[in-house]
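First up is the structure itself, then whatever we jot down about it.
The values are calculated or read from the model by the stated rules, or taken from the named source; none is laboratory data. Everything numeric here is computed off the predicted structure, so don't read it as measured data. Positions of Cβ are backbone-derived with ideal geometry, glycine not excepted, and every protein chain shown enters the neighbour counts. Only protein heavy atoms, including side chains, enter the accessible area calculation; ligands, DNA and RNA are left aside. Shrake-Rupley method; radii C 1.70, N 1.55, O 1.52, S 1.80 Å.
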Amino acid sequence: MGLFVDDTKVKQIVMRAGQIAMKEAKHCAVYTKGRADFVTQADLSIQAFIKESLREEYPDIGFQGEEDDDNRCADGIRWILDPIDGTTNYIYNYNHSAISLALRSGTKTAFGVIYNPFTDEMFSAKSGEGAFLNDLPIHVNEADSLEAALVAVGTSPYYKELAPEVFRKIETIYSRSLDIRRTGSAALDLAYVACGRQDAYFEYRLKPWDYAAGNLIVMEAGGVVNSIQEDTISYEQTSDIVACTNEGLMEEMLSILNLNKGESQ
């Protein structure tokens, strides 16, 4: 898939948005959307800035952002934005949050970028052209079994009712793997699989803006991404995501995650 936008220009927009995140980090207003679900003034400011900047450059491309009143996907070509992935981290000055932006064209992702302004690390990928960290090529690790894998886990904090089954699966994975990590940012967990800092990651009920960019970056880095319980990943609604270095590790992860299938629905 050829890229029909200027990726350098888009990355510059995202980096400028990162300056907003840094500026507002110490004193941002926080609003509650639901249990463990927050939005900050920085989320709103970053989304407004990126949306307007992209609209000026590409007025014919649709836009889907986490903080829009209407989050339904438009048909055809659209941007998918999470202005701050890891909002709770951001509120607590944990310095592990990211701006995640993807460009979807029909059923394909053409471009994705994930930027952590606190570390000045930008992960990016173009379809068919590889994945990069600050413009240097990255690749997944070679771990092909859980016993050799560091696994990132997500706890689906907006869906506490899933906790008993999710934590049983986490315990099983922990007992069979090198160790586990819980970082609080789905986008960065996917990016970390892509660059070899982690070997696998899973989480239930992620929103499209959580994984749209990260999925592409993992796959362009040589990894694999699947839906845990469905045949395909939906970019129209929540999905249960698992990302791994390769098919061997993916098969082992899915064998655990699909035990007692249906209990985590």
Practice task
Determine which single condition Tyr158 fails, assuming it passes every other condition in (1) under 30 Å from Lys23 (Cβ atoms); (2) open to solvent by 30 Å² or more (accessible area, probe 1.4 Å); (3) without any contact (Cβ under 8 Å) to a residue 60 or more places away in the chain.
Solution key: (3)
Practice task
Kindly establish whether Arg182 is of a type in the set (Lys, Arg) and touching a strand residue (DSSP E or B) at 6+ places or on another chain (Cβ under 6 Å).
Solution key: yes
Fill in the blank from the handout: Going through segment 188-206 in order, the residues found to be open to solvent by 10 Å² or more (accessible area, probe 1.4 Å) and either touching a Pro at 6+ places or on another chain (Cβ under 9 Å) or in a helix (DSSP H, G or I) (or both) are Tyr192, Cys195
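Select from segment 173-187 the residues that are assigned to a helix (DSSP H, G or I), small (Gly, Ala, Ser) and touching a residue at least 40 places away in the same chain (Cβ under 8 Å) and list them in ascending order.
Once the filter is applied, which keeps residues that are assigned to a helix (DSSP H, G or I), small (Gly, Ala, Ser) and touching a residue at least 40 places away in the same chain (Cβ under 8 Å), segment 173-187 yields Ala186, Ala187.
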Problem - Verdict on Asn95 being in contact with a Ser or Thr (Cβ under 9 Å, 6 or more places away or on another chain) and assigned to a helix (DSSP H, G or I) - result: no
Exercise for the section: Hey, could you check segment 207-222 for residues that are over 21 Å from His139 (Cβ atoms) and open to solvent by 10 Å² or more (accessible area, probe 1.4 Å) and say which is nearest to the chain's Cα centre (by Cα)? Expected result: Asp210
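When you go through Ala212, Ala200, Ala152 one by one, which is the residue that is within 18 Å of Tyr94 (Cβ to Cβ), touching a strand residue (DSSP E or B) at 6+ places or on another chain (Cβ under 7 Å), modelled with pLDDT of 95 or more and of a type outside the set (Lys, Arg)?
Values: Ala212 fails: within 18 Å of Tyr94 (Cβ to Cβ); Ala200 fails: within 18 Å of Tyr94 (Cβ to Cβ).
Only one candidate passes the filter, namely Ala152.
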Practice task
Among the numbered conditions (1) farther than 17 Å from Val166 by Cβ; (2) of a type in the set (Phe, Trp, Tyr); (3) part of a strand (DSSP E or B), tell me where Tyr235 comes up short.
Solution key: (3)
Exercise for the section: Could you please give the count of residues in segment 47-66 that are buried (at least 20 other Cβ atoms within 10 Å of the Cβ), modelled with pLDDT under 95 and not in a strand (DSSP E or B)? Expected result: 1
Problem - Scan of segment 119-155 for residues that are assigned to a loop (DSSP other than H, G, I, E, B), in contact (Cβ under 8 Å) with a residue 60 or more places away in the chain and open to solvent by less than 50 Å² (accessible area, probe 1.4 Å), ordered by number - result: Ser127, Gly130, Val140, Ala143, Ser145, Ala149
Exercise for the section: Restrict the check to segment 215-231 and report whether at least one residue is polar (S, T, N, Q), modelled with pLDDT of 95 or more, assigned to a helix (DSSP H, G or I) and more than 21 Å from Ile99 (Cα to Cα). Expected result: no
Handout entry: Qualifying residue in segment 242-255 (condition: among the polar types (S, T, N, Q), open to solvent by 10 Å² or more (accessible area, probe 1.4 Å) and either at pLDDT below 95 or at positive phi (or both))
Key = no
Practice task
Taking only segment 161-173 into account, find how many residues are surrounded by 14 or more Cβ atoms within 10 Å (Cβ to Cβ) and among the charged types (D, E, K, R).
Solution key: 3
